[in-house]
Amino acid sequence: MKTIRLFPLELRRLLQSRPTWLILLLTVASPVLGLTLYRPASADTMLSLYLANPALAGGVGGGILFALLSVFFCRLMHAAPHLYDKYLPNHLVRAAVGGGVVIALTFLVWLWNPGTYDYNGAGEAVLHAAIEGQARPEAFLLKMLFTTITLGAGFKGGEIVPVFFTGATFGCTAAPLLGLHPSFGAGLGMVSVFCGVTNCPLTALLLSLELFAGDSYGMFTGQSLGLFAVCIAVSYMLSGYYGLYSEQKILYSKLRPEFINKKANEDE
């Protein structure tokens, strides 16, 4: 419930206060400093774990990939309605054609992977499988395609669950390339792509705590908290000023201490 309350708040007042950044920095830095100053460096400390394995580099690399995927997702979501408006201005014809394309794609996917309708609904089973470390490599692309065609044609539905689906399946697929466990990569991708398309890093960090602070395999330890924060921060900074919601105001630059007060997707 905390995430639900904070999400609209961040959309309206995205990081307006500089003390917010200071609090976030202190929150992330304090456990690292505590372990460094008051515990000897051993295999159990966060600092030594970062230095002893490539997980931090994998988290940064993942953040870059998730940022690029976020930009691609946003551009697709905004391009589809424009294409429909240009070539199918009649709303009834647009809905009929869009529905026909979805049916045709479903049939093609069924031929490719018999018996699957994973991309026609919320995809909860696929999400659970990705978090457990299993995902088809083409799943994230197909979900983006189905979502943009459906919503662009005028059918009603949400964007956030497809974002979770896309981020989790892509993260699961890309994780071995980054030296991470597929299950952990799915968790990173899920919240980092969410951050990239909504420009809400604090909500994404709280989301990672609420979703993965339990007994999910390999998800939440002292080390992974820092990796979630790093991956989310990189995704936020490098995803530019794109977003799912064009009316969203971004008040401060992501890369410089500068007041910009611009709407998302303003430069498209």
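The values are calculated or read from the model by the stated rules, or taken from the named source; none is laboratory data. Being a predicted model, the structure only gives us computed values, none of them experimental. Quick reminder, even Gly has a Cβ in these numbers, built from the backbone with ideal geometry, and neighbours come from all protein chains shown.
Some notes on this structure:
- Checked against the criterion of being closer than 16 Å to Leu69 by Cβ and among the hydroxyl-bearing types (Ser, Thr, Tyr), the candidates Thr147, Thr116 yield just one match: Thr147.
- Which numbered condition Ile149 misses (of (1) of a type outside the set (Lys, Arg); (2) touching a residue at least 40 places away in the same chain (Cβ under 8 Å); (3) surrounded by fewer than 16 Cβ atoms within 10 Å (Cβ to Cβ)): (3)
- For Gly115: the one exception among (1) of a type outside the set (D, E, K, R); (2) out of contact with any Phe, Trp or Tyr (no Cβ under 6 Å at 6 or more places or on another chain); (3) at positive phi; (4) surrounded by 12 or more Cβ atoms within 10 Å (Cβ to Cβ): (4)
- Residue that is nearest to Leu56 (Cα to Cα) [pool: residues in region 221-267 that are of a type in the set (A, V, I, L, M) and outside any helix (DSSP H, G or I)]: Leu255
- Some residue of region 194-203 being part of a loop (DSSP other than H, G, I, E, B) and in contact (Cβ under 8 Å) with a residue 24 or more places away in the chain: yes
Conditions tested, residue by residue: (1) modelled with pLDDT of 90 or more; (2) hydroxyl-bearing (Ser, Thr, Tyr); (3) surrounded by fewer than 15 Cβ atoms within 10 Å (Cβ to Cβ); (4) farther than 21 Å from Arg75 by Cα.
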{"site": "Leu180", "(1), (2), (3), (4)": "no, no, no, yes"}
{"site": "Val197", "(1), (2), (3), (4)": "yes, no, no, no"}
{"site": "Gln248", "(1), (2), (3), (4)": "no, no, no, no"}
{"site": "Arg256", "(1), (2), (3), (4)": "no, no, yes, yes"}
{"site": "Phe259", "(1), (2), (3), (4)": "no, no, yes, yes"}
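- Of all residues in region 159-183, those that are on the phi > 0 side of the Ramachandran plot have Cβ atoms under 8 Å from Cβ atoms of residues that are part of a helix (DSSP H, G or I) and surrounded by fewer than 17 Cβ atoms within 10 Å (Cβ to Cβ), 6 or more apart or on another chain, in Gly179/Ala57.
Residues are listed down the side, and each one gets a yes or a no for (1) at pLDDT 90 or above; (2) assigned to a helix (DSSP H, G or I):
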| residue | (1), (2) |
| --- | --- |
| Lys86 | no, yes |
| Ile103 | yes, yes |
| Thr116 | no, no |
| Ala122 | no, no |
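- The residues of region 50-105 that are buried (at least 16 other Cβ atoms within 10 Å of the Cβ), under 30 Å from Val234 (Cα atoms) and not hydrophobic (A, V, I, L, M, F, W, C), listed by number, are Tyr50, Gly58, Gly59, Gly61, Gly62, Gly63, Ser70, His78.
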